[in-house]
Amino acid sequence: MMARDPQSARERAEINFGKTQTQSLARNRIVEESEAIARERDAKTARLKEMRLQKEAEEMRAGTAPPHFQTDGQELMARRAVLVKTPADATIADVVENLDHPIEYVRRVLEKLERCRRAHGDAQMRIGVLGRAECPNYLIEYIIEDLKSGHKSIHPDAAYSGSTHRELAPRHIEEARNWSSEEMNITAVSALIGRLRSQAG
C-alpha cells in the first residue's frame, strides 16, 4: 500500500481552504451590498416622510390644512390631493407610506406588469415624480436584449393614471421628467405586495 504524498495532501488542503475563503468573501460581499441597498432605501423613505410631515406642518401654520373629523372617539384628518415633487430616484417601495391604499395600488400595478410580461417577456415600472403623492402615475416598460451584441434597450409599454389605473395618452410617456430614474422589476413589486399583505394580516 502506497503512502500518501504529504506534499499533495497539503496542496489539496490549501486549495480547498482557498475555495472556502473565496466563497466566504463572496457571501460577505453579497450581504454587505444587500444591507447597503436596504439602508439607502430606508434613508429615502425617511426623507420622504420628513418632507410630508414638514408640508403638513406648513399647511397647519398657514391655515390651509385639510379639516378634521371625529369618528368613534377618534380624530381623523381628511385627505386631499396634494401636488408634490417626489425625489427623482424614488420607487414604489420608497413612497408606499404616502399611498392612500397601498395594497390595492400595488396590486393594480402588478396586474399591468404581468400583462406586459406576457406580451414582451419582461416588465418593470417607474413611478411619476410629478403629481399626486397619494396615487402617483406610473410607467410600465420592458427590456429587449440583442442576442448578438448583448446590448439591452428599454421600451415603454404604457403609462397609467395612479388614481384610476387607466392608460394615459402616449404624450405622457414622452415627458421623461415625469418619471423616476429608478425602476422596479416585476419580481421586486411582487415581493413588495407580499410584505404589505403580511404587515396588514
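Nothing in this text is a laboratory measurement; each read-out follows from the coordinates by a stated rule. None of the values given here were measured: they were computed from a predicted structure. Quick reminder, even Gly has a Cβ in these numbers, built from the backbone with ideal geometry, and neighbours come from all protein chains shown.
Quick rundown of the values:
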{"quantity": "Ratio Rg/Rh, restricted to region 144-199 and using Cα atoms, in which Rh is the Kirkwood radius", "calculated": "1.06"}
{"quantity": "Spin-label pair ALA43/GLU14, simplified geometry with 7 Å Cα→Cβ offset, distance in nm", "calculated": "4.2 nm"}
{"quantity": "Shape of region 99-146, Cα gyration tensor, a/c cut at 1.5", "calculated": "oblate"}
{"quantity": "Interchain or long-range residues, amide H under 5 Å from ASP157's placed H", "calculated": "ILE140, GLU141, TYR142"}
{"quantity": "Rounded if a/c under 1.5, otherwise prolate or oblate - region 99-201, Cα gyration tensor axes", "calculated": "oblate"}
{"quantity": "Label-point separation, ILE143 to ARG115 (7 Å along Cα→Cβ), nm", "calculated": "2.4 nm"}
